[in-house]
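The values are calculated or read from the model by the stated rules, or taken from the named source; none is laboratory data. Bear in mind that the values here come from a model prediction, so they are computed numbers and not experimental data. Positions of Cβ are generated from backbone atoms using ideal geometry, with glycine treated the same way; all protein chains shown enter the neighbour counts.
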Amino acid sequence: MKNRILLLTIVLSLLSFKKIIFAQPSNDNCSTAQLIIANVDCNSTIGTTTDATDSGMNDACGGVGDDDVWYKFVVTHSSHYVFMDPTTEADPVMVIYKGTCANLDSLTCVNDYGLYGSEYVSIQGLTIGDMIFIRIFDAATTAVDMDFNLCVYNPPANDLCSGAIDIIPVVSQYECLSVNTQDATDQNIPTGDCGDLIAYDIWYKFEAISQRHIISMSTQSDAYNDGQCIVEIWDGCSGSELYCMAVEYDGGSNQMDLNNLIISQTYYIRIYGSESPNASYGTICVATPLPESEDDCLTAEILEVNGLYCSSSSYDNSLGGATETNVPVDTCIVGPYLDLWYKFEVINVTAIVKATINSSGNLAIAAFIGSSCSNLTHIQCVNNTGNGENEHLYLTGLTLGDTIYIRVYDADISNTPINFNICVYTPPSNDLCNNAIEIVTTNGANC
(Lines give C-alpha, C1' and ligand atoms only; values in the text may rest on other atoms or scores of the structure.)
Protein backbone atom coordinates (compact mmCIF):
# COMPACT_ATOMS: atom_id res chain seq x y z
CA MET A 1 0.00 0.00 0.00
CA LYS A 2 2.78 2.35 0.93
CA ASN A 3 4.49 1.51 -2.35
CA ARG A 4 1.37 2.46 -4.33
CA ILE A 5 1.08 5.75 -2.50
CA LEU A 6 4.75 6.47 -3.17
CA LEU A 7 4.36 5.64 -6.87
CA LEU A 8 1.31 7.93 -7.19
CA THR A 9 3.20 10.74 -5.50
CA ILE A 10 6.13 10.36 -7.93
CA VAL A 11 3.81 10.42 -10.97
CA LEU A 12 2.01 13.58 -9.78
CA SER A 13 5.33 15.25 -9.08
CA LEU A 14 6.58 14.44 -12.58
CA LEU A 15 3.42 15.84 -14.15
CA SER A 16 3.74 19.05 -12.14
CA PHE A 17 7.41 19.28 -13.07
CA LYS A 18 6.61 18.85 -16.77
CA LYS A 19 3.95 21.59 -16.56
CA ILE A 20 6.49 23.98 -15.05
CA ILE A 21 9.13 23.17 -17.69
CA PHE A 22 6.74 23.35 -20.64
CA ALA A 23 4.70 26.42 -19.69
CA GLN A 24 3.15 28.50 -22.48
CA PRO A 25 5.32 31.18 -24.09
CA SER A 26 5.11 34.61 -22.45
CA ASN A 27 3.68 36.03 -25.70
CA ASP A 28 1.00 33.34 -26.06
CA ASN A 29 -1.76 35.98 -26.18
CA CYS A 30 -2.22 39.39 -27.79
CA SER A 31 -2.26 41.09 -24.39
CA THR A 32 1.28 39.87 -23.71
CA ALA A 33 2.64 40.44 -27.23
CA GLN A 34 6.41 40.82 -27.28
CA LEU A 35 7.58 44.29 -28.34
CA ILE A 36 10.13 44.36 -31.13
CA ILE A 37 11.82 47.41 -32.61
CA ALA A 38 11.61 48.37 -36.28
CA ASN A 39 15.16 48.92 -37.53
CA VAL A 40 16.87 50.12 -40.67
CA ASP A 41 18.27 46.59 -41.07
CA CYS A 42 16.76 43.19 -40.31
CA ASN A 43 17.87 42.62 -36.70
CA SER A 44 16.23 39.30 -35.85
CA THR A 45 14.35 38.29 -32.71
CA ILE A 46 14.34 34.55 -31.91
CA GLY A 47 10.87 33.07 -31.37
CA THR A 48 9.06 29.76 -30.93
CA THR A 49 5.52 28.36 -30.95
CA THR A 50 6.43 25.50 -28.62
CA ASP A 51 3.54 24.91 -26.17
CA ALA A 52 1.65 27.91 -27.58
CA THR A 53 -2.14 27.72 -27.36
CA ASP A 54 -5.03 28.85 -29.50
CA SER A 55 -5.85 32.53 -28.97
CA GLY A 56 -9.35 32.05 -30.32
CA MET A 57 -8.74 34.19 -33.41
CA ASN A 58 -9.98 33.28 -36.88
CA ASP A 59 -7.85 31.01 -39.02
CA ALA A 60 -6.07 32.77 -41.88
CA CYS A 61 -4.21 32.16 -45.14
CA GLY A 62 -5.16 28.51 -45.26
CA GLY A 63 -3.66 27.76 -41.85
CA VAL A 64 -5.08 26.74 -38.46
CA GLY A 65 -4.03 29.11 -35.68
CA ASP A 66 -4.06 26.62 -32.78
CA ASP A 67 -0.48 27.39 -31.74
CA ASP A 68 -0.08 31.16 -32.19
CA VAL A 69 2.30 33.61 -30.58
CA TRP A 70 2.19 37.41 -30.71
CA TYR A 71 4.53 40.32 -31.38
CA LYS A 72 4.01 44.06 -31.77
CA PHE A 73 5.94 47.10 -32.97
CA VAL A 74 5.48 50.86 -33.11
CA VAL A 75 5.21 52.35 -36.61
CA THR A 76 8.13 54.68 -37.40
CA HIS A 77 7.62 54.92 -41.17
CA SER A 78 4.68 54.91 -43.56
CA SER A 79 5.84 51.47 -44.73
CA HIS A 80 7.48 48.55 -42.96
CA TYR A 81 8.67 45.09 -43.90
CA VAL A 82 8.14 42.00 -41.73
CA PHE A 83 10.37 38.99 -42.39
CA MET A 84 10.13 35.59 -40.73
CA ASP A 85 12.52 32.69 -41.28
CA PRO A 86 11.64 29.27 -39.73
CA THR A 87 14.61 27.30 -38.39
CA THR A 88 12.67 24.05 -37.88
CA GLU A 89 10.40 22.02 -40.15
CA ALA A 90 7.22 24.08 -40.29
CA ASP A 91 4.79 25.94 -42.57
CA PRO A 92 4.62 29.44 -41.06
CA VAL A 93 1.72 31.88 -41.27
CA MET A 94 1.89 35.57 -40.38
CA VAL A 95 -1.18 37.73 -39.79
CA ILE A 96 -0.81 41.51 -39.41
CA TYR A 97 -3.28 43.58 -37.35
CA LYS A 98 -3.70 47.19 -36.29
CA GLY A 99 -5.76 48.49 -33.38
CA THR A 100 -5.90 47.15 -29.85
CA CYS A 101 -6.14 43.61 -28.56
CA ALA A 102 -9.81 44.27 -27.78
CA ASN A 103 -10.48 45.56 -31.29
CA LEU A 104 -8.04 44.15 -33.87
CA ASP A 105 -8.35 44.96 -37.55
CA SER A 106 -6.63 42.48 -39.88
CA LEU A 107 -4.47 44.22 -42.49
CA THR A 108 -3.04 41.23 -44.32
CA CYS A 109 -1.75 37.72 -43.93
CA VAL A 110 0.93 35.71 -45.70
CA ASN A 111 1.62 31.99 -46.23
CA ASP A 112 3.26 31.87 -49.64
CA TYR A 113 6.16 29.45 -49.43
CA GLY A 114 5.01 26.37 -47.52
CA LEU A 115 7.23 24.02 -45.55
CA TYR A 116 10.53 25.57 -44.48
CA GLY A 117 9.63 28.68 -46.48
CA SER A 118 10.55 32.15 -45.24
CA GLU A 119 7.63 34.58 -45.23
CA TYR A 120 7.83 38.25 -46.07
CA VAL A 121 5.23 41.00 -46.16
CA SER A 122 5.30 44.70 -47.03
CA ILE A 123 2.88 46.82 -45.01
CA GLN A 124 2.16 50.23 -46.52
CA GLY A 125 -0.01 53.23 -45.77
CA LEU A 126 0.77 53.12 -42.06
CA THR A 127 0.43 55.96 -39.56
CA ILE A 128 3.56 56.82 -37.59
CA GLY A 129 3.03 56.11 -33.88
CA ASP A 130 0.41 53.36 -34.36
CA MET A 131 0.88 49.92 -32.86
CA ILE A 132 0.96 46.94 -35.24
CA PHE A 133 0.45 43.35 -34.03
CA ILE A 134 1.97 40.24 -35.63
CA ARG A 135 0.40 36.83 -35.02
CA ILE A 136 2.51 33.80 -35.97
CA PHE A 137 1.51 30.14 -36.10
CA ASP A 138 2.10 26.95 -38.05
CA ALA A 139 -0.44 26.20 -40.77
CA ALA A 140 -0.95 22.54 -39.76
CA THR A 141 -4.19 21.35 -38.15
CA THR A 142 -2.26 20.20 -35.11
CA ALA A 143 0.16 22.21 -32.99
CA VAL A 144 3.75 22.22 -34.21
CA ASP A 145 6.86 23.25 -32.31
CA MET A 146 8.20 25.89 -34.69
CA ASP A 147 11.33 27.93 -34.04
CA PHE A 148 11.96 31.02 -36.13
CA ASN A 149 13.71 34.36 -36.54
CA LEU A 150 11.56 37.49 -36.91
CA CYS A 151 12.42 41.06 -37.80
CA VAL A 152 10.70 44.30 -38.74
CA TYR A 153 12.69 46.75 -40.81
CA ASN A 154 12.26 50.00 -42.67
CA PRO A 155 12.52 50.88 -46.35
CA PRO A 156 15.58 52.96 -47.36
CA ALA A 157 16.00 56.28 -45.57
CA ASN A 158 15.27 58.08 -48.85
CA ASP A 159 12.23 55.96 -49.73
CA LEU A 160 10.05 59.07 -49.43
CA CYS A 161 10.62 62.44 -51.07
CA SER A 162 10.66 64.03 -47.61
CA GLY A 163 13.74 61.92 -46.81
CA ALA A 164 15.58 62.78 -50.03
CA ILE A 165 19.37 62.57 -49.66
CA ASP A 166 21.33 65.73 -50.45
CA ILE A 167 23.83 65.90 -53.29
CA ILE A 168 25.92 69.06 -52.91
CA PRO A 169 26.96 70.50 -56.31
CA VAL A 170 30.50 71.86 -56.72
CA VAL A 171 31.56 73.99 -59.69
CA SER A 172 33.51 72.08 -62.34
CA GLN A 173 33.07 68.74 -60.56
CA TYR A 174 30.88 65.65 -60.60
CA GLU A 175 29.36 64.97 -57.17
CA CYS A 176 28.15 61.35 -57.01
CA LEU A 177 26.31 59.02 -54.63
CA SER A 178 25.56 55.31 -54.83
CA VAL A 179 22.06 54.15 -55.77
CA ASN A 180 20.33 51.14 -54.22
CA THR A 181 16.56 50.77 -54.50
CA GLN A 182 16.50 47.52 -52.50
CA ASP A 183 13.31 47.43 -50.36
CA ALA A 184 12.01 50.74 -51.74
CA THR A 185 8.22 51.02 -51.73
CA ASP A 186 5.64 52.23 -54.23
CA GLN A 187 3.95 55.35 -52.86
CA ASN A 188 1.42 55.53 -55.72
CA ILE A 189 3.00 58.72 -57.02
CA PRO A 190 2.26 59.07 -60.75
CA THR A 191 5.19 58.20 -62.99
CA GLY A 192 6.37 60.60 -65.66
CA ASP A 193 6.91 60.41 -69.40
CA CYS A 194 9.70 57.83 -69.16
CA GLY A 195 8.20 55.47 -66.56
CA ASP A 196 5.53 52.81 -66.15
CA LEU A 197 2.67 52.34 -63.73
CA ILE A 198 4.64 51.13 -60.69
CA ALA A 199 7.54 52.97 -59.06
CA TYR A 200 9.54 51.40 -56.22
CA ASP A 201 11.39 54.67 -55.85
CA ILE A 202 14.06 56.44 -53.85
CA TRP A 203 14.83 60.17 -53.78
CA TYR A 204 17.79 62.54 -53.88
CA LYS A 205 17.89 66.35 -54.04
CA PHE A 206 20.24 69.19 -54.90
CA GLU A 207 20.19 72.98 -54.69
CA ALA A 208 21.02 74.58 -58.02
CA ILE A 209 24.12 76.77 -57.89
CA SER A 210 23.98 77.45 -61.63
CA GLN A 211 21.40 77.65 -64.37
CA ARG A 212 23.08 74.55 -65.79
CA HIS A 213 23.61 71.18 -64.14
CA ILE A 214 24.22 67.80 -65.75
CA ILE A 215 22.47 64.84 -64.11
CA SER A 216 24.03 61.50 -65.02
CA MET A 217 23.48 57.93 -63.90
CA SER A 218 25.24 54.64 -64.56
CA THR A 219 23.92 51.22 -63.54
CA GLN A 220 25.84 48.31 -62.12
CA SER A 221 26.49 45.38 -64.45
CA ASP A 222 23.87 42.70 -63.83
CA ALA A 223 23.13 40.30 -66.67
CA TYR A 224 20.11 38.90 -64.79
CA ASN A 225 18.30 42.21 -64.35
CA ASP A 226 16.37 43.21 -67.45
CA GLY A 227 14.71 46.52 -68.14
CA GLN A 228 15.55 50.12 -67.37
CA CYS A 229 16.18 52.40 -64.44
CA ILE A 230 14.14 55.62 -64.62
CA VAL A 231 15.49 58.98 -63.41
CA GLU A 232 13.07 61.89 -62.99
CA ILE A 233 13.69 65.52 -61.99
CA TRP A 234 10.93 67.13 -59.89
CA ASP A 235 10.49 70.73 -58.80
CA GLY A 236 9.27 69.69 -55.33
CA CYS A 237 7.86 66.82 -53.31
CA SER A 238 4.33 68.02 -54.08
CA GLY A 239 5.33 69.40 -57.45
CA SER A 240 5.61 67.87 -60.88
CA GLU A 241 8.12 66.13 -63.11
CA LEU A 242 10.29 68.48 -65.19
CA TYR A 243 12.61 66.04 -66.99
CA CYS A 244 13.23 62.31 -67.18
CA MET A 245 15.53 59.74 -68.75
CA ALA A 246 15.88 55.97 -68.93
CA VAL A 247 19.10 54.10 -68.16
CA GLU A 248 19.54 50.51 -69.29
CA TYR A 249 20.35 47.94 -66.63
CA ASP A 250 23.57 45.92 -66.84
CA GLY A 251 26.09 48.73 -67.09
CA GLY A 252 24.05 51.35 -68.94
CA SER A 253 24.54 55.10 -68.61
CA ASN A 254 22.74 58.28 -69.61
CA GLN A 255 22.64 61.97 -68.73
CA MET A 256 20.40 65.04 -68.81
CA ASP A 257 21.89 68.45 -69.55
CA LEU A 258 19.63 70.91 -67.71
CA ASN A 259 20.32 74.54 -68.54
CA ASN A 260 17.31 76.56 -67.43
CA LEU A 261 17.35 75.87 -63.71
CA ILE A 262 16.65 78.53 -61.09
CA ILE A 263 19.64 79.25 -58.91
CA SER A 264 19.04 78.43 -55.19
CA GLN A 265 15.95 76.33 -55.97
CA THR A 266 15.95 72.73 -54.71
CA TYR A 267 15.32 70.03 -57.30
CA TYR A 268 14.44 66.43 -56.50
CA ILE A 269 15.77 63.33 -58.26
CA ARG A 270 13.46 60.30 -58.27
CA ILE A 271 14.92 56.89 -59.22
CA TYR A 272 13.09 53.60 -59.73
CA GLY A 273 13.11 50.42 -61.79
CA SER A 274 10.81 50.44 -64.79
CA GLU A 275 7.78 48.30 -63.86
CA SER A 276 9.87 46.14 -61.54
CA PRO A 277 10.44 45.84 -57.77
CA ASN A 278 13.90 44.40 -58.49
CA ALA A 279 16.65 46.45 -56.93
CA SER A 280 18.47 48.99 -59.09
CA TYR A 281 22.13 49.56 -58.28
CA GLY A 282 24.37 52.27 -59.67
CA THR A 283 25.66 55.80 -59.26
CA ILE A 284 23.86 59.15 -59.59
CA CYS A 285 25.88 62.32 -60.22
CA VAL A 286 25.24 66.06 -60.34
CA ALA A 287 27.81 68.03 -62.34
CA THR A 288 28.24 71.79 -62.57
CA PRO A 289 30.14 72.73 -65.74
CA LEU A 290 31.89 76.05 -66.03
CA PRO A 291 30.00 78.59 -68.17
CA GLU A 292 30.92 78.67 -71.86
CA SER A 293 33.48 81.39 -72.49
CA GLU A 294 31.45 82.52 -75.53
CA ASP A 295 28.33 83.11 -73.45
CA ASP A 296 28.62 86.90 -73.77
CA CYS A 297 29.27 89.13 -76.78
CA LEU A 298 32.13 90.74 -74.85
CA THR A 299 33.91 87.38 -74.69
CA ALA A 300 33.05 86.28 -78.22
CA GLU A 301 35.40 83.61 -79.57
CA ILE A 302 37.51 84.75 -82.54
CA LEU A 303 37.01 82.55 -85.61
CA GLU A 304 39.62 82.14 -88.32
CA VAL A 305 38.32 82.74 -91.84
CA ASN A 306 39.11 79.66 -93.92
CA GLY A 307 39.56 79.32 -97.65
CA LEU A 308 37.17 77.18 -99.69
CA TYR A 309 36.77 74.59 -96.93
CA CYS A 310 36.36 74.54 -93.16
CA SER A 311 39.85 73.34 -92.30
CA SER A 312 39.68 75.20 -88.99
CA SER A 313 36.57 75.15 -86.76
CA SER A 314 35.50 75.80 -83.21
CA TYR A 315 34.49 72.37 -81.90
CA ASP A 316 32.18 71.01 -79.21
CA ASN A 317 30.25 74.17 -78.41
CA SER A 318 27.15 73.63 -76.26
CA LEU A 319 24.16 75.86 -75.74
CA GLY A 320 23.79 73.96 -72.49
CA GLY A 321 26.38 76.32 -71.11
CA ALA A 322 24.67 79.47 -72.39
CA THR A 323 22.48 81.95 -70.57
CA GLU A 324 19.54 83.87 -71.97
CA THR A 325 19.87 87.39 -73.42
CA ASN A 326 17.25 89.73 -74.90
CA VAL A 327 19.33 92.11 -77.04
CA PRO A 328 20.29 92.76 -79.71
CA VAL A 329 17.20 91.56 -81.57
CA ASP A 330 17.39 89.81 -84.94
CA THR A 331 14.71 89.20 -87.56
CA CYS A 332 14.49 85.40 -87.23
CA ILE A 333 13.36 85.10 -83.62
CA VAL A 334 12.17 87.76 -81.20
CA GLY A 335 13.94 86.13 -78.21
CA PRO A 336 14.94 85.70 -75.47
CA TYR A 337 18.05 84.08 -76.89
CA LEU A 338 19.92 81.17 -75.37
CA ASP A 339 23.05 82.13 -77.29
CA LEU A 340 26.79 81.87 -77.77
CA TRP A 341 28.89 84.54 -79.52
CA TYR A 342 31.69 84.48 -82.08
CA LYS A 343 33.39 87.10 -84.30
CA PHE A 344 35.67 87.31 -87.32
CA GLU A 345 37.45 89.97 -89.35
CA VAL A 346 36.25 90.35 -92.93
CA ILE A 347 38.93 89.40 -95.52
CA ASN A 348 36.56 88.91 -98.46
CA VAL A 349 33.32 90.57 -99.55
CA THR A 350 31.52 87.25 -99.08
CA ALA A 351 31.68 84.72 -96.24
CA ILE A 352 29.75 81.64 -95.19
CA VAL A 353 29.17 80.81 -91.53
CA LYS A 354 28.51 77.08 -91.09
CA ALA A 355 27.12 75.52 -87.90
CA THR A 356 27.42 71.71 -87.87
CA ILE A 357 25.04 70.23 -85.30
CA ASN A 358 26.10 67.23 -83.21
CA SER A 359 22.83 66.65 -81.35
CA SER A 360 19.12 67.24 -81.62
CA GLY A 361 17.86 70.81 -81.62
CA ASN A 362 16.95 73.67 -83.92
CA LEU A 363 19.83 76.08 -84.48
CA ALA A 364 19.64 79.65 -85.73
CA ILE A 365 22.52 81.93 -86.75
CA ALA A 366 22.45 85.74 -86.77
CA ALA A 367 25.12 88.20 -87.94
CA PHE A 368 25.74 91.74 -86.66
CA ILE A 369 28.16 94.51 -87.48
CA GLY A 370 29.38 97.27 -85.21
CA SER A 371 32.30 98.86 -83.45
CA SER A 372 31.44 97.22 -80.11
CA CYS A 373 28.95 94.85 -78.47
CA SER A 374 26.90 97.81 -77.29
CA ASN A 375 26.56 99.17 -80.80
CA LEU A 376 25.55 96.31 -83.06
CA THR A 377 23.43 96.42 -86.19
CA HIS A 378 21.64 93.32 -87.40
CA ILE A 379 22.70 92.19 -90.91
CA GLN A 380 21.14 88.82 -91.55
CA CYS A 381 19.97 85.61 -89.91
CA VAL A 382 19.07 82.07 -90.95
CA ASN A 383 16.93 79.24 -89.57
CA ASN A 384 16.04 77.11 -92.56
CA THR A 385 16.69 73.47 -91.84
CA GLY A 386 14.87 72.49 -88.66
CA ASN A 387 15.64 70.00 -85.90
CA GLY A 388 19.00 68.25 -85.98
CA GLU A 389 20.16 69.90 -89.23
CA ASN A 390 23.14 72.08 -90.08
CA GLU A 391 22.74 75.78 -90.86
CA HIS A 392 24.63 78.01 -93.36
CA LEU A 393 24.56 81.80 -93.16
CA TYR A 394 25.64 83.37 -96.50
CA LEU A 395 26.95 86.93 -96.08
CA THR A 396 27.57 89.22 -99.05
CA GLY A 397 28.56 92.84 -99.60
CA LEU A 398 30.96 92.85 -96.65
CA THR A 399 33.60 95.52 -96.15
CA LEU A 400 37.18 94.40 -95.73
CA GLY A 401 38.49 94.98 -92.22
CA ASP A 402 35.09 95.11 -90.54
CA THR A 403 34.32 92.86 -87.56
CA ILE A 404 31.28 90.61 -87.87
CA TYR A 405 29.65 89.30 -84.71
CA ILE A 406 27.87 85.94 -84.91
CA ARG A 407 25.18 84.77 -82.54
CA VAL A 408 24.24 81.03 -82.48
CA TYR A 409 21.14 80.14 -80.51
CA ASP A 410 18.20 77.78 -79.95
CA ALA A 411 15.52 78.83 -82.44
CA ASP A 412 12.80 77.01 -80.50
CA ILE A 413 13.60 78.93 -77.29
CA SER A 414 13.27 75.56 -75.53
CA ASN A 415 16.64 75.68 -73.76
CA THR A 416 17.82 72.57 -75.58
CA PRO A 417 21.53 71.90 -74.85
CA ILE A 418 22.46 71.81 -78.55
CA ASN A 419 26.04 70.77 -79.33
CA PHE A 420 27.64 72.10 -82.49
CA ASN A 421 30.82 73.04 -84.38
CA ILE A 422 31.15 76.41 -86.14
CA CYS A 423 33.43 77.75 -88.86
CA VAL A 424 33.73 80.63 -91.38
CA TYR A 425 34.93 80.00 -94.91
CA THR A 426 35.20 81.88 -98.20
CA PRO A 427 33.03 80.59 -101.04
CA PRO A 428 34.38 80.32 -104.59
CA SER A 429 34.27 83.60 -106.55
CA ASN A 430 31.65 82.09 -108.86
CA ASP A 431 29.53 80.69 -106.03
CA LEU A 432 26.61 82.88 -107.10
CA CYS A 433 24.98 83.10 -110.51
CA ASN A 434 25.70 86.79 -110.94
CA ASN A 435 29.41 86.01 -110.47
CA ALA A 436 29.44 83.26 -113.07
CA ILE A 437 32.81 82.90 -114.83
CA GLU A 438 32.56 83.46 -118.53
CA ILE A 439 33.88 80.69 -120.75
CA VAL A 440 35.26 82.16 -124.00
CA THR A 441 34.92 79.92 -127.05
CA THR A 442 37.61 79.83 -129.73
CA ASN A 443 37.18 78.22 -133.17
CA GLY A 444 34.17 76.30 -131.86
CA ALA A 445 36.03 74.78 -128.93
CA ASN A 446 34.92 75.46 -125.34
CA CYS A 447 37.56 73.57 -123.38
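A few remarks follow.
- Enumeration of residues in the stretch 305-339 that are over 30 Å from Val171 (Cα atoms) and surrounded by 15 or more Cβ atoms within 10 Å (Cβ to Cβ): Val305, Asn306, Cys310, Asp330, Cys332, Ile333
- Scope the stretch 122-135; condition under 34 Å from the mean Cα position of the chain (by Cα) and modelled with pLDDT of 90 or more; matching residues: Ile123, Leu126, Thr127, Ile128, Gly129, Asp130, Met131, Ile132
- Filtering the stretch 49-58 to residues that are of a type outside the set (A, V, I, L, M, F, W, C) and crowded, with 17+ Cβ neighbours inside 10 Å leaves Thr49, Ser55.
- Just so you know, in the stretch 21-42 the residues that are within 42 Å of the chain's Cα centre (by Cα) and modelled with pLDDT under 90 include one that is nearest to Ala102 (Cα to Cα), and it is Asn39.
- Of all the numbered requirements in (1) part of a loop (DSSP other than H, G, I, E, B); (2) under 21 Å from Thr416 (Cβ atoms); (3) in contact (Cβ under 8 Å) with a residue 24 or more places away in the chain, Leu308 misses one, and that requirement is (2).
- For the stretch 339-366, filtering for residues that are within 31 Å of the chain's Cα centre (by Cα) and not β-branched (Val, Ile, Thr) leaves 8.
- Each residue in the stretch 101-141 was checked for being more than 13 Å from Val75 (Cβ to Cβ), touching a residue at least 12 places away in the same chain (Cβ under 8 Å) and of a type outside the set (D, E, K, R), and 20 of them qualify.
One line per residue, one yes/no per condition, for (1) touching an Asp or Glu at 6+ places or on another chain (Cβ under 6 Å); (2) acidic (Asp, Glu):
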residue	(1), (2)
Asn259	no, no
Ile263	no, no
Arg270	yes, no
Ile284	no, no
Pro291	no, no
Asp295	no, yes
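- The residues listed here are Phe133, Phe148; of these, the one that is out of contact with any Gly (no Cβ under 7 Å at 6 or more places or on another chain), of a type in the set (A, V, I, L, M, F, W, C) and buried (at least 17 other Cβ atoms within 10 Å of the Cβ) is Phe133.
- Among the numbered conditions (1) surrounded by 17 or more Cβ atoms within 10 Å (Cβ to Cβ); (2) more than 44 Å from the chain's Cα centre (by Cα); (3) farther than 18 Å from Val334 by Cα; (4) not basic (Lys, Arg), the only one that Ile379 does not meet is (3).
- Qualifying residues in the stretch 20-66 (those that are of a type in the set (Val, Ile, Thr) and assigned to a loop (DSSP other than H, G, I, E, B)) - the one farthest from Glu89 (Cα to Cα): Val40
- Residue satisfying all of: in the stretch 86-105; of a type in the set (D, E, K, R) and crowded, with 16+ Cβ neighbours inside 10 Å; nearest to Asp130 (Cα to Cα) among these: Lys98
- Residue list for the stretch 151-171, restricted to those being touching a Ser or Thr at 6+ places or on another chain (Cβ under 6 Å) and either buried (at least 16 other Cβ atoms within 10 Å of the Cβ) or assigned to a loop (DSSP other than H, G, I, E, B) (or both): Cys151, Pro155, Asp159, Pro169
- Strands (runs of 3 or more DSSP E) wholly inside the stretch 363-422 containing at least 1 residues that are in contact (Cβ under 8 Å) with a residue 60 or more places away in the chain and in contact with a strand residue (DSSP E or B) (Cβ under 9 Å, 6 or more places away or on another chain): 375-382, 403-410
- Of the residues making up the stretch 67-112, those that are in a loop (DSSP other than H, G, I, E, B), touching a Phe, Trp or Tyr at 6+ places or on another chain (Cβ under 9 Å) and within 14 Å of Ala139 (Cα to Cα) number 7.
- For the stretch 350-368, a residue qualifies if it is in contact with an Asp or Glu (Cβ under 6 Å, 6 or more places away or on another chain) and within 21 Å of Val305 (Cβ to Cβ), and the qualifying residues are Ala355, Leu363, Ile365, Ala366.
- When Leu298 is tested against (1) part of a loop (DSSP other than H, G, I, E, B); (2) over 17 Å from Thr356 (Cα atoms), just one condition goes unmet, and that condition is (1).
Table: residues versus (1) among the hydrophobic types (A, V, I, L, M, F, W, C); (2) closer than 25 Å to Gln182 by Cα.
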{"site": "Asp59", "(1), (2)": "no, no"}
{"site": "Val74", "(1), (2)": "yes, yes"}
{"site": "Met84", "(1), (2)": "yes, yes"}
{"site": "Val121", "(1), (2)": "yes, yes"}
{"site": "Gly125", "(1), (2)": "no, yes"}
{"site": "Pro155", "(1), (2)": "no, yes"}
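- Matching residues in the stretch 29-68 - criterion: being among the small types (Gly, Ala, Ser), out of contact with any strand residue (DSSP E or B) (no Cβ under 7 Å at 6 or more places or on another chain) and farther than 19 Å from Val121 by Cβ: Ser31, Ser55, Gly56
- The single condition from (1) part of a loop (DSSP other than H, G, I, E, B); (2) touching a residue at least 12 places away in the same chain (Cβ under 8 Å); (3) closer than 18 Å to Glu207 by Cα that Asp257 fails is (1).
- Residue check for Leu400: surrounded by 20 or more Cβ atoms within 10 Å (Cβ to Cβ) and of a type outside the set (S, T, N, Q): no
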